[in-house]
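The structure appears below as structure tokens.
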Amino acid sequence: MPVSTSPPVREYTHPMETRVETRPEQRADQRPEQHIATRVSLTALLGTPVTDAQGHMRGKLKDIAVSTGPDGGKVAGLVLKTRTGLAIVPSQDVMETPAGTLELRSSDAITPLHDPGNYLYLQQDLIDRQIIDIHGRKVVRVNDVDLEWLGRGSVHLLRVAEVEVGLRGAFRRLFKGLLPRPQLEKLSRRFHPRAIPWQFVDVIEPDPARRVKLRIEHERLAEMHPSELAEILEDLAPAEREAVFISLDEEVAAEALEEVEPKLQKALLEKLDEERIADIVEEMDPGAAADLLAELPEAQSDAILEEMEPEERHEVEELLEFDENSAAGCMTTDFVFVGIDATVAQAVQALRTFDGDPETVTEVFMLDDKRILRGAVSLSRIVVSLPETRLSVLTEPRVLSCPADMNQNELAEIFDKYNLHALAVVDAQNHMVGLVQAEQVISFLREKL
């Protein structure tokens, strides 16, 4: 974790909020500059009267508008419900008073809210909505939002600090209006906080037009492991799931698609056209792509194949011809191979130009001119060998393989017996046609449980 370099922090409880006072380092001849952060919940703020400097009522707080994109999390303005409709005030033109109300610095700061689509609204768009906790890698529902008034001299700025996903936020909302605000805040603190810092919040907007307008992207999801991303997709409601999936680029979408169940695969592809699906399928492992297309209606599967590039289409079409319960039915055609006279340097070059997933490679195979399997060399041996060493010197004396029509039960027994990471698949003429990886065997065994 990153080490904090923030100044010392002293916390104490206010009857209505939490105040955090920070004192930055200063020279002996300097007077310390005081920064005070006053923590307050969205629930507590909503409905708060807003007055001008003369004490005249100008409206009540309806919502809080937050910027997205590069300024994500910055409070752009406070939405007021006035006699003439909704209006917005820049956050820097509003300050809190000791009485717990909000006061305008200038009456001219209020402007009608003509285009609500420019902002993310905490009450409208977050409360009771699903979000993604990037740090915790899970889907959660928002119960409240904690904000901070940052005070420095006469300037007060409001910013989003955390979203509350536990009982504390739910308690505040349930009993708001039934208990005085100070008592409500005091009682809510009896619940252990379950909050997510704003920088780890990934907001989901189902409406495509508004998502583009707000510049909401899910770039941080691409940094997750595909299995974690698949779990998040499984936990989301259908509309939110669709919004997240269609925003992913083809490579990330393909990796996530390989990890989810066939039923969910169909649901994720349901709203996409054949061209977009083809782009994603081309990025998938050929074996996984064939499994996916085999689950789709024949007409849709054929339409997707038509949109694919010729090379990828040919690989997938070949796999679709095999029995799904055979070794060939669960193999991939992505594997690294070289000629029988190749050296370690040539094997390394083949690894560098490999188009498949490099993390799945455990060995390099040696094929003759007729693609007959002649040997295999593990990556560990290649790494410790000199570049000019011929692979034929390093290959195992006996190369294991299995016929394409071997059933998956027998295949699992071979993997168990020899403790394999991968196994070559050959046809009747001993031509290598693919590779079965341990993860495919594990998936098969899990389905049997």
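Hey, can you tell me all the residues within the stretch 162-208 that are among the aliphatic types (A, V, I, L, M), at pLDDT 90 or above and in a strand (DSSP E or B)?
Val163, Ala195, Ile196, Val201, Val203
Just wondering, is there one or more residues in the stretch 428-435 that are in contact with a helix residue (DSSP H, G or I) (Cβ under 6 Å, 6 or more places away or on another chain) and either in a loop (DSSP other than H, G, I, E, B) or at negative phi (or both)?
First pass over the stretch 428-435, keeping only residues in contact with a helix residue (DSSP H, G or I) (Cβ under 6 Å, 6 or more places away or on another chain): none.
No, that holds for no residue.
Considering the stretch 28-62 alone, what residues qualify as being within 36 Å of the chain's Cα centre (by Cα), open to solvent by 30 Å² or more (accessible area, probe 1.4 Å) and at pLDDT 90 or above?
At the first step, the residues of the stretch 28-62 found to be within 36 Å of the chain's Cα centre (by Cα) are 35-48, 61-62.
Within this subset, residues satisfying the condition of being open to solvent by 30 Å² or more (accessible area, probe 1.4 Å) are 35-36, 39, 46-47, 62.
Selection gives Leu46, Gly47, Lys62.
Answer yes or no: is there a residue in the stretch 285-307 that is more than 19 Å from Ala422 (Cβ to Cβ), open to solvent by less than 20 Å² (accessible area, probe 1.4 Å), among the β-branched types (Val, Ile, Thr) and modelled with pLDDT of 95 or more.
Within the stretch 285-307, one or more residues are more than 19 Å from Ala422 (Cβ to Cβ), open to solvent by less than 20 Å² (accessible area, probe 1.4 Å), among the β-branched types (Val, Ile, Thr) and modelled with pLDDT of 95 or more.
Considering (1) surrounded by fewer than 19 Cβ atoms within 10 Å (Cβ to Cβ); (2) in a helix (DSSP H, G or I), say which one Arg159 fails and leave the rest.
Going through (1) surrounded by fewer than 19 Cβ atoms within 10 Å (Cβ to Cβ); (2) in a helix (DSSP H, G or I) one by one, Arg159 breaks only (2).
Restricting attention to the stretch 337-371, and to residues there that are open to solvent by 70 Å² or more (accessible area, probe 1.4 Å) and within 31 Å of the chain's Cα centre (by Cα), which single residue is farthest from Leu319 (Cα to Cα)?
Only one residue tops the list, namely Arg352.
Taking the stretch 89-117 only, how many residues are open to solvent by less than 20 Å² (accessible area, probe 1.4 Å), farther than 16 Å from Leu147 by Cα and either part of a strand (DSSP E or B) or among the β-branched types (Val, Ile, Thr) (or both)?
2
Answer with yes or no whether Lys74 is touching a residue at least 40 places away in the same chain (Cβ under 8 Å) and either out of contact with any strand residue (DSSP E or B) (no Cβ under 6 Å at 6 or more places or on another chain) or more than 28 Å from Pro193 (Cα to Cα) (or both). Reasoning before the result, please.
Numbers: touching a residue at least 40 places away in the same chain (Cβ under 8 Å): yes; either out of contact with any strand residue (DSSP E or B) (no Cβ under 6 Å at 6 or more places or on another chain) or more than 28 Å from Pro193 (Cα to Cα) (or both): yes.
Against the criterion (touching a residue at least 40 places away in the same chain (Cβ under 8 Å) and either out of contact with any strand residue (DSSP E or B) (no Cβ under 6 Å at 6 or more places or on another chain) or more than 28 Å from Pro193 (Cα to Cα) (or both)), Lys74 qualifies.
Can Asp334 be described as over 30 Å from Asp128 (Cβ atoms), under 30 Å from the mean Cα position of the chain (by Cα) and surrounded by 17 or more Cβ atoms within 10 Å (Cβ to Cβ)?
yes
Which one is farthest from Val252 (Cα to Cα), of the residues in the stretch 271-324 that are assigned to a loop (DSSP other than H, G, I, E, B) and without any contact (Cβ under 8 Å) to a residue 24 or more places away in the chain? Break it down stepwise before answering.
Here is the first cut: in the stretch 271-324, the ones assigned to a loop (DSSP other than H, G, I, E, B) are 271-273, 284-285, 296-297, 308-309, 321-324.
Within this subset, residues satisfying the condition of being without any contact (Cβ under 8 Å) to a residue 24 or more places away in the chain are 273, 297, 321.
Details: Asp273: 18, Pro297: 24, Glu321: 27 Å.
For the stretch 271-324, the residue satisfying everything is Glu321.
The values are calculated or read from the model by the stated rules, or taken from the named source; none is laboratory data. Predicted model, so just to flag it, every value in this text is computed and none were measured. Quick reminder, even Gly has a Cβ in these numbers, built from the backbone with ideal geometry, and neighbours come from all protein chains shown. With ligands, DNA and RNA removed, areas are computed over all heavy atoms of the protein, side chains included. Shrake-Rupley method; radii C 1.70, N 1.55, O 1.52, S 1.80 Å.
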